[in-house]
1. Answer with yes or no whether residue 168 is closer than 24 Å to residue 45 by Cα, at pLDDT 95 or above, in contact with a helix residue (DSSP H, G or I) (Cβ under 6 Å, 6 or more places away or on another chain) and among the small types (Gly, Ala, Ser).
2. Return yes or no: is residue 130 modelled with pLDDT under 95, surrounded by fewer than 17 Cβ atoms within 10 Å (Cβ to Cβ) and closer than 25 Å to residue 52 by Cβ?
3. Please pick out the residue among 63, 139, 114 that is in contact with a helix residue (DSSP H, G or I) (Cβ under 7 Å, 6 or more places away or on another chain), open to solvent by 30 Å² or more (accessible area, probe 1.4 Å), modelled with pLDDT under 95 and among the hydrophobic types (A, V, I, L, M, F, W, C).
4. Mind checking which residues of region 59-69 are over 11 Å from residue 89 (Cβ atoms) and assigned to a helix (DSSP H, G or I)?
5. Could you please tell me which pairs satisfy a Cβ distance under 7 Å, a separation of 6+ or placement on different chains, a first residue in region 137-156 that is more than 15 Å from residue 115 (Cβ to Cβ) and among the basic types (Lys, Arg), and a second residue that is part of a helix (DSSP H, G or I) and modelled with pLDDT of 95 or more?
6. Could you please find all residues in region 15-50 being part of a helix (DSSP H, G or I) and either basic (Lys, Arg) or open to solvent by 50 Å² or more (accessible area, probe 1.4 Å) (or both)?
Amino acid sequence: MLASRAMSSAGNLVFIGPMGAGKSTLASAVGGLLSLPVRDLDREIEAATGDTIADLFQRFGEAHFRAQENAMLDSLLADDGLVIACGGGVVLAARNRALLATRAFVVWLDAPVALLEQRLHGDEGRPLLRAQHLGTRLAELASQRDPLYAEAADLKFPVGDAPVAEQAAALVGLLPAPWNQAMQVD
C-alpha cells in the first residue's frame with residue numbers, strides 16, 4: 001500500500017486523488033478520529049476569492065485557478081497538525097508536488113473509474129467533467145493523473161463502497177506514528 005517515495009514526517013496529513021474519491025469526506029472523518037482540524041483546499045479558495053471553483057474556471061480559466069490553488073496550498077502547509085483535502089488536480093503542478101513532499105504525509109485515495117462514475121453522475125459543479133461520456137473522461141484523467149498521484153503519495157489507500165467510518169478507521173490504522181497515536185491512546 002505504500003508508494004515508492006519514502007514516507008514524509010512532515011506536520012500535515014494531506015489527501016489527494018481523483019474527483020469523487022471521497023477526499024473531503026474521508027479527510028473530515030479521519031480528522032475527527034485524530035482530533036485534528038480539517039481544511040478543504042477548494043473550500044478555502046472559494047472563501048478567499050468569493051467565487052465557486054466552477055466560476056473561477058469559467059471567468060478566469062484553469063491557469064488562474066491553478067495559481068490560486070498553489071498559493072492556498074502553500075499557505076495551509078505553513079501550519080502543522082492539519083488534515084487537508086486537496087482538489088483532484090493539485091498534483092498537476094510540480095511545485096505543488098514539491099510542497100507536498102516536504103510538508104505533508106500524503107494519502108492517495110485510489111478509486112476505480114466505475115465507482116467515480118457512479119458517484120459523479122449528474123454532478124454539474126465540476127468544470128473538468130463537462131463531457132458527453134463521463135466514464136471516458138474519468139479514464140482520461142486517471143491516465144494523466146495516476147502517475148502523479150503515485151509520485152506524490154506516501155500511502156495509497158483503495159476506497160470503495162464501505163461506510164465512511166469503517167474506511168476512515170482502516171486508513172488511520174495504516175498511518176505511521178505520530179498520525180495514528182491518537183487512536184492508540186484510548
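The values are calculated or read from the model by the stated rules, or taken from the named source; none is laboratory data. Keep in mind it's a predicted model, so treat the numbers as computed, not measured. We place every Cβ from the backbone using ideal geometry, glycine too, and count neighbours over all the protein chains shown. Keep in mind that these areas ignore ligands, DNA and RNA; they rest on the heavy atoms of the full protein, side chains included. Shrake-Rupley method; radii C 1.70, N 1.55, O 1.52, S 1.80 Å.
1. No, not satisfied.
2. In short, yes.
3. None of the others qualify; the one that does is 139.
4. Across region 59-69, the qualifying residues are 59, 60, 63, 64, 67, 68.
5. The qualifying pairs are 145/91.
6. 23, 24, 25, 28, 32, 33, 43, 44, 47, 48
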